[in-house]
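One structure is given here, and the rest of the page talks about it.
The values are calculated or read from the model by the stated rules, or taken from the named source; none is laboratory data. The shown structure was predicted, so the numbers you read here are calculated from the model rather than taken from an experiment. Positions of Cβ are backbone-derived with ideal geometry, glycine not excepted, and every protein chain shown enters the neighbour counts. The protein model used for the area step is the full one, side chains on, heavy atoms only, and it has no ligands, DNA or RNA in it. Shrake-Rupley method; radii C 1.70, N 1.55, O 1.52, S 1.80 Å.
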Amino acid sequence: MKQIFVTGISTEVGKTIVSAIITEALEADYWKPIQAGDLDNTDSHKVARMISNKKTKIHPSSYELKTPMSPHEAARLDGIAIKYDNIKTPNTENTLVVEGAGGILVPLSNNTNVVDIIRPKSHVIVVSRHYLGSINHTLLTLEWLKLKGYDVSVIFSGDEHPSTESIIVKKTGIPVIGRVNEEKVFDKKTIKKYADKFRPFL
C-alpha cells in the first residue's frame with residue numbers, strides 16, 4: 001500500500017485542500033489520524049464534500065478531540081492521553097492519503113510528535129504558504145524530513161511569491177508538484193481541476 005502523508009509548515013496553510021486534491025487525483029483513501037476541534041465539520045467531512053470519485057473511502061480518525069489546539073493539550077483537556085499504539089493505519093490495499101495535524105513537530109504527547117506517525121516509506125508532501133517567517137518554517141520542515149530519509153515534495157498554496165519560492169527550491173532541491181492558487185470556492189469542480197493538473201506528478 002502506497003502512503004502519501006500531507007503536512008504543512010504551520011496551521012491554516014491549505015493541508016486539507018491539498019489532501020482532497022491528491023485523494024481525488026489518485027482515487028485514494030483518506031485518513032486523518034488525529035482531529036482536534038471542529039468535530040461537527042471535521043477535515044474528513046470537508047474532504048468527503050470536495051471529492052467526486054466513487055472509489056475513495058474515508059477512514060475514521062484514531063482520535064477526535066474537542067478543542068482546536070495542539071493535540072497533546074487538546075487530549076489533556078478531554079481527560080485522555082494520545083497513545084502511539086492506538087494510531088493504527090487503516091487496512092486498505094488502495095493508496096492512502098494521510099493528513100497530519102499542524103506541522104511535523106506538533107506534539108501528540110510528552111514523547112511523540114506528528115513526525116513519529118509518518119510511516120518510513122511514505123511520500124511526504126509539504127504544503128508551504130507565504131507569510132513573514134515562512135521561508136524559515138519551510139526550510140526547517142524540509143531539512144528535518146530529508147534527515148529522516150523521507151521522499152519529499154512541496155506544494156505551494158496561495159498567491160505566488162517568486163522570491164520566497166525560488167530560495168526554498170534553490171536551498172533544498174526539493175521537487176515542486178505545483179501550486180494551489182487562491183480560489184473563490186473549493187468545490188468538487190475546483191478540486192477536480194487541480195487533481196487533473198497534479199496527477200502526472202504524483
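List of remarks:
- Considering only residues in the range 115-140 that are farther than 25 Å from F201 by Cα and not hydroxyl-bearing (S, T, Y), the one that is surrounded by the most Cβ atoms within 10 Å (Cβ to Cβ) turns out to be D116.
- In the range 123-146, the residues that are touching a residue at least 60 places away in the same chain (Cβ under 8 Å) form Cβ pairs under 7 Å with partners that are aromatic (F, W, Y) and crowded, with 16+ Cβ neighbours inside 10 Å, at six or more places apart or across chains, as follows: V124/F5; V124/Y150; S128/F156.
- Residue list for the range 178-194, restricted to those being under 15 Å from G14 (Cβ atoms), part of a helix (DSSP H, G or I) and touching a Ser or Thr at 6+ places or on another chain (Cβ under 8 Å): I191
- Identity of the residue in the range 150-165, open to solvent by less than 60 Å² (accessible area, probe 1.4 Å) and more than 23 Å from D196 (Cβ to Cβ), that ends up farthest from the chain's Cα centre (by Cα): T164
- Matching option when the condition is among the hydroxyl-bearing types (S, T, Y), assigned to a helix (DSSP H, G or I) and touching a residue at least 24 places away in the same chain (Cβ under 8 Å), among S44, S52, S19: S19
- P175, sole failed condition from (1) touching a Ser or Thr at 6+ places or on another chain (Cβ under 6 Å); (2) more than 29 Å from A74 (Cβ to Cβ); (3) crowded, with 18+ Cβ neighbours inside 10 Å: (3)
- Residue in the range 72-81 that is modelled with pLDDT of 95 or more, within 29 Å of K146 (Cβ to Cβ) and assigned to a loop (DSSP other than H, G, I, E, B) present: no
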